[in-house]
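Peer 1: Let me give you the structure first, and then I'll get to my questions.
The values are calculated or read from the model by the stated rules, or taken from the named source; none is laboratory data. Note that the coordinates shown come from a computational prediction; the quantities given were computed from them, not determined experimentally. Cβ coordinates were reconstructed from backbone atoms using ideal geometry, including for glycine residues, and neighbour counts include every protein chain displayed.
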Amino acid sequence: MDKALVDNLDKFIFKLQGVSDQLKSARTGEFRRSKRNNAAIARKSATEYLSYCSLVRLFRKNIGCLSEPSCVAIFSVPRRWQLEDVHEAAKFILKGEKGVKLCVHPTSKHRRGWEVDPAELFSSGEKLIIFTHEGSAVHEDFELAATVCDQLQTCDVTHLRALSHLRGCGSLSEREAAVIAAQPSERMEAIFRPKRSAASAAAKLVSAKRQDGSGQARHLDVQRGFGEASTWAETLKRDLDDWRQGRLPWSEIDKGCLFFGPTGTGKTRFAAALAADCSMHLEAASVAQWQSFKDGDLGDLLKAMYKAFDAAKENAPSLLFIDEFDAIGDRAKFPSRHETYSTTVVNALLECLDGIVDREGVIVIGACNFPERIDPALLRSGRLEKHIHFPMPDAASRAEILAFHLPTLAAEASLKEIGTRLPGKSGADLERLGREARRRARREKRDVTILDLKAVIRPTPPLDAKTLYRVAVHEAGHAVIARALLLGKVEHVEIYDNVESFASLVDSHGTTLTKFHPSEFVTRWDTMKMITYNLAGAAAEDLVFGHRANWSSGTKESDLAVATQLAVQMVAEHAFGDSLFFLPGSIDRSNAAKLWEDLPLREEVGEILREQHQRAKEILDGLKPSLLKIADALVEQKRLDARQLEAYWPRGTKTPAAANH
């Protein structure tokens, strides 16, 4: 838009108002303005000039409604733009004309109520124009009285180019104008310094964004590649758009969500990207931050907690992200010496999450590794009601994560193969690999290549024949027990020599995939059989070699860990042990130290594990020919599917161990 067109913006108002006067008799002249000196406005304030141009366009668009004697207009302003700038521009356009009142709406509703009185503004019968931030809650009385609602579109490309011309800042391309348009109003004076290149400022903004990596989270596609989380993100974004447009009440939107899963699976990054994708303010906090506030006593912690929620309300619509949410704890499990303190913290958080205080426009997301440690009241409907698991990424997801952190290598065909060869790596692990690859290329002052990525990946050593056979015996043990105890269908068994075959699902030397029979209830014998199945690999090694390797233990997902958890659950939760007591929540199965201190429980669990390990050995000893044949076939073929395994199952009836139960 050239200077002549800028100078004539108001003329459109006069023409359209003339037409409006002819169509409707009840018209007033508040918006009839004489020609203004746009150059003078631009020299005075960049933000006022841009606000002025945007308001002129908005007034022109709604001239018919604005000319009505009792008009109440609600105009929403982008959150990056200060309401005071728009208010000053509106006062300049109207020049204190009688018959029109301007109101800057509060950004949030405080505990004492709204800090604005609609009745006082309505009492004079004058026209009322209300400016509010986009997506913010508006006083119910204003919404009832509104005759027109519209959005102020700031930083139009033509307005930016006109401002640059009037301030002697040179010309702007479409791309440069788009970069500037995304900036908050506070930066406009720095960008449009008189006689300085605005294009140069835009280039600096792009460069700064690349250096600090701030653009990555905004470009992370949360609506694909994250399974259930992506589905929820898509629904939430659609619901928020409907809420902003007034088509959906806040009561219909999910109030909160819990992200849980292993460390490094991208829960924090996903939350930040979700806030950007939904155009929400991100307020980040953690229980540790609240505890470290000032002196860290109970009063200081509660003040920090309330402050985080108040900040989220002030900037609504916003996403309040609370990291390490499981640190809040469970009121039923607090030690007596900390019970009063910890219970008060949980109760205060419950009040913040709902209670009598409204938090419209605020989505709360908690992230943790151990959801079982959280007080159940925090996770019920109306609070963190949605629970989404973030698993370790699979082969396809690992390739996508690497492509995200190394975008110049996204088209490389070998990137997918590399992702397949990194089982057990979390999103954080893959981000580190990308960082190391870029550092390697930076040292040699060149662009990163696929060779840089391969160079920073530690290759898995190949297995010798002796070790490979032991792995085959271990996996064959799981398969034979699954078949003997009729647990379900063994889909496949495979081992990895790291030469011809490689692990892609989990970081292990072999896997047995069994599709278990579904059941609506669990019996004592069902649980016993699952324990036997999990101990079968170790039992097979003991049977064939006289001792076992450490493959059955060492991690929370290992065979022995799963078997132990099942045994604890049998005794403490299902009353399948020697006693019939039931104390819900009395045992924290994720806390190994506490389990070790409970001597009666430890002895009973140990007895169950020894009994089922011996049962597995006895069953495998009776089916040893099948066990060894499957192991030999695995060493040769590396993988056996359900159809191939049929040839190795023993013919005839059930085994005695399975038939007796």
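Peer 1: Could you say which residue among ASP375, ASP429 is charged (D, E, K, R) and assigned by TED's automatic domain parsing to the domain that holds THR235?
Peer 2: The conditions single out ASP375.
Peer 1: When the range 367-386 is examined, which residues are found to be under 18 Å from LEU236 (Cα atoms) and among the hydrophobic types (A, V, I, L, M, F, W, C)?
Peer 2: Answer for the range 367-386, where residues must be under 18 Å from LEU236 (Cα atoms) and among the hydrophobic types (A, V, I, L, M, F, W, C): ALA367, LEU384.
Peer 1: Scan the range 632-649 residue by residue and report those that are part of a helix (DSSP H, G or I) and among the charged types (D, E, K, R).
Peer 2: Matches in the range 632-649: ASP632, GLU636, ARG643, GLU646.
Peer 1: Then there's this: Going by the conditions given, is ALA89 buried (at least 20 other Cβ atoms within 10 Å of the Cβ) and at pLDDT 85 or above?
Peer 2: Considered against the rule, which asks whether it is buried (at least 20 other Cβ atoms within 10 Å of the Cβ) and at pLDDT 85 or above, ALA89 comes out as yes.
Peer 1: Could you list all residues from the range 329-343 that are part of a helix (DSSP H, G or I) and in contact with a helix residue (DSSP H, G or I) (Cβ under 6 Å, 6 or more places away or on another chain)?
Peer 2: Correct list: ARG331, TYR341, THR343.
Peer 1: Among the numbered criteria (1) at negative phi; (2) surrounded by fewer than 19 Cβ atoms within 10 Å (Cβ to Cβ), which one does ALA399 miss?
Peer 2: (2)
Peer 1: Being in the same structural domain as LEU415 (by TED's automatic domain parsing) and surrounded by 18 or more Cβ atoms within 10 Å (Cβ to Cβ) is the requirement here; does ALA484 meet it?
Peer 2: no
Peer 1: So, one more: Which of (1) more than 32 Å from the chain's Cα centre (by Cα); (2) in contact (Cβ under 8 Å) with a residue 40 or more places away in the chain; (3) more than 14 Å from LEU485 (Cβ to Cβ); (4) surrounded by fewer than 22 Cβ atoms within 10 Å (Cβ to Cβ) is the odd one out, the single condition HIS547 does not satisfy?
Peer 2: (2)
Peer 1: Contact list please: Cβ distance under 9 Å, first residue in the range 406-428 and on the phi > 0 side of the Ramachandran plot, second residue at pLDDT 85 or above and part of a loop (DSSP other than H, G, I, E, B), pairs at least six apart or on different chains.
Peer 2: Short answer, once both residue conditions are applied: GLY424/MET392.
Peer 1: Could you list all residues from the range 506-544 that are in a loop (DSSP other than H, G, I, E, B) and either surrounded by 24 or more Cβ atoms within 10 Å (Cβ to Cβ) or not hydrophobic (A, V, I, L, M, F, W, C) (or both)?
Peer 2: Correct list: ASP507, SER508, HIS509, HIS517, PRO518, SER519, GLU520, THR523.
Peer 1: Report, ordered by the first and then the second residue, all pairs with beta carbons closer than 6 Å, sequence separation of six or more or different chains, a first member in the range 228-246 that is under 21 Å from VAL138 (Cβ atoms) and in the same structural domain as LEU319 (by TED's automatic domain parsing), and a second member that is small (Gly, Ala, Ser) and crowded, with 17+ Cβ neighbours inside 10 Å.
Peer 2: ARG244/GLY135
Peer 1: May I ask you to verify whether SER70 is crowded, with 20+ Cβ neighbours inside 10 Å and modelled with pLDDT under 85?
Peer 2: Criteria not met by SER70.
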